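The values are calculated or read from the model by the stated rules, or taken from the named source; none is laboratory data. Since this is a predicted model, take the numbers as computed values, not measurements. A quick note on method: Cβ atoms are made from the backbone with ideal geometry, for glycine too, and the neighbour counts reach across all protein chains shown.
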Amino acid sequence: MFDAVVVGAGLAGCVIAERLASQKNWKVLIVEKEKHIAGHCYDSRTEFGLLIHRYGPHLFHTNSKLVWEYLSQFTEWDYYQHHVQAFIDGRCVPLPFSFETMDLLFPKELATRLKEKLLRIYTFNQKVPILELMKQNDPDIQFLGSYIYDKVFKNYTAKQWEMLPEHIDSMVTARVPVLVGRDTRYFSDIYQAVPRNGYTCMMENMVNHRNIKLILGLNFLEIGEVRDHTITIGGKTFDGPIYYTGPIDELFGYCFGELPYRSLELKFQTIQKPYYQSCATINYPNNYDYTRITDFKHIHPLDTSQTTILIEYPKKFKKDENEPYYPVFTDESQNKYQEYRKLVEKYKNLILIGRLAEYTYYDMDDVVEQALKTVEGIGYGR
Ligand code: UDP
């Protein structure tokens, strides 16, 4: 009855289903365990009309014209450049750490010397991961590296990952590099925006297609079984492609053990003021138990006397208790993931895609790009 099955109606699943339905004229079934689509991009309005991101702030940014144009078919955009500040030594300063941050935190003479020295080593506007900066020999740059490490990265990372920055995959802290320049935006991509009516609405527009049937509130593993090189759905062998976007370890019954994730406890609060804080997100590396507070009014402006904020408390991930947000990359977890990948190879019609299935710290644009490539390269492409 269906040409393909997509497990999960998050960003990966919606892109795959949309492409198969509209470009290949395939009949597609999407099975989603939650009662809503959009996965961790799910957003909805508060009782006073403010659009908030129910699984934490999602800011779309990409350098890919292809991804931008693809998504633009399903949404209008509000152009929005994300700004983040870090609360350091009692004041809010721009993040990524840049010349602007130095000028606010250091005495003028010291800031000038540091900027000059940085420009002798790096080019203007270069992005330098903190762990790279710390390898420099110059004593002034060593001071700067240790300062940024201590004040921005060490304690935030300890809260978020329960590890020191040097013990997690270096790409994690490299997401927020030190900037040898003055750009105070969190991202520098060519395209930056939020969908005018939200991510959920954008994805509804994707899956609202005569070839797509969507079932919400059903865990695929209640109807499907992946065993002995065969996939069955409702007791019958299914030979068409299955695009699975859920956790890879769950798919195989945790046979090699659970993959580690970090989770978050998200506390939303409505505040009786037009704005709670002066920019969208403020990070608290060294104070309190939370990592950051986001004021959604800056992301989706609205003329109201209230706003809603989100306070994020990092937590251990516990299956069936909270959400898997971030894969934890260690040698052990990578080896375990590879064991699961080897199992995937045994199923000719099983394709894994997305943050959970590929156990990767993807951004939204990475997911879309990967999904588009997967569908283009059908022959079930992996
Ligand atoms: N990070 C940090 N201090 C900050 C911001 C980020 O130490 O003020 C580190 C931390 O390890 C974090 C990583 O950089 O997990 C990536 O940050 P990003 O803002 O990209 O995280 P996301 O928005 O994906 O949660």
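Any idea which of Tyr288, Tyr254, Tyr243, Tyr276 is in contact (Cβ under 8 Å) with a residue 12 or more places away in the chain and either at positive phi or not in a strand (DSSP E or B) (or both)?
Going through Tyr288, Tyr254, Tyr243, Tyr276 in turn, the sole match is Tyr276.
How many residues, within segment 195-213, are part of a loop (DSSP other than H, G, I, E, B) and among the aliphatic types (A, V, I, L, M)?
0
I'd like the residue in segment 291-304 that is farther than 17 Å from Arg54 by Cβ and touching a Phe, Trp or Tyr at 6+ places or on another chain (Cβ under 7 Å) and, out of all such residues, is surrounded by the fewest Cβ atoms within 10 Å (Cβ to Cβ).
Residue satisfying both the conditions and the ranking: Thr304.
Conditions first: (1) more than 22 Å from the chain's Cα centre (by Cα); (2) under 26 Å from Arg19 (Cβ atoms). Glu332 passes all but one, so which condition is the exception?
In the conditions (1) more than 22 Å from the chain's Cα centre (by Cα); (2) under 26 Å from Arg19 (Cβ atoms), Glu332 misses (2) alone.
Given the options Thr245, Thr184, Thr232, name the one that is of a type in the set (Ser, Thr, Tyr) and more than 18 Å from Leu343 (Cα to Cα).
Within the list Thr245, Thr184, Thr232, the selection yields Thr184.
Can you name the number of the only condition in (1) at negative phi; (2) buried (at least 19 other Cβ atoms within 10 Å of the Cβ); (3) more than 11 Å from the ligand (Cβ to nearest atom) that Leu119 fails?
That leaves (2) as the condition not met.
Given the options Arg210, Arg227, name the one that is modelled with pLDDT under 95 and either more than 16 Å from the ligand (Cβ to nearest atom) or within 24 Å of the chain's Cα centre (by Cα) (or both).
Within the list Arg210, Arg227, the selection yields Arg227.
Return the total of residues in segment 344-356 being more than 16 Å from the ligand (Cβ to nearest atom), touching a helix residue (DSSP H, G or I) at 6+ places or on another chain (Cβ under 9 Å) and not in a helix (DSSP H, G or I).
Within segment 344-356, residues that are more than 16 Å from the ligand (Cβ to nearest atom), touching a helix residue (DSSP H, G or I) at 6+ places or on another chain (Cβ under 9 Å) and not in a helix (DSSP H, G or I) number 4.
Quick check on this structure: which one of Ala193, Ala158 is under 16 Å from the mean Cα position of the chain (by Cα) and either at pLDDT below 95 or not charged (D, E, K, R) (or both)?
That would be Ala193, the only listed residue that is under 16 Å from the mean Cα position of the chain (by Cα) and either at pLDDT below 95 or not charged (D, E, K, R) (or both).
Can you work out which of the residues in segment 305-343 that are more than 16 Å from the ligand (Cβ to nearest atom) and acidic (Asp, Glu) is surrounded by the fewest Cβ atoms within 10 Å (Cβ to Cβ)?
Step by step, filter segment 305-343, then rank; the result is Asp320.
From the residues in segment 74-104 that are within 22 Å of the chain's Cα centre (by Cα) and exposed (fewer than 14 other Cβ atoms within 10 Å of the Cβ), which one is nearest to Ile293 (Cα to Cα)?
Of everything passing the filter in segment 74-104, Tyr79 is nearest to Ile293 (Cα to Cα).
Where in segment 134-194 are there helices (runs of 4 or more DSSP H), lying fully within it, with 3 or more residues that are surrounded by fewer than 15 Cβ atoms within 10 Å (Cβ to Cβ) and either of a type in the set (Asp, Glu) or away from the ligand (no atom under 11 Å from the Cβ) (or both)?
Filter on segment 134-194 gives 139-148.
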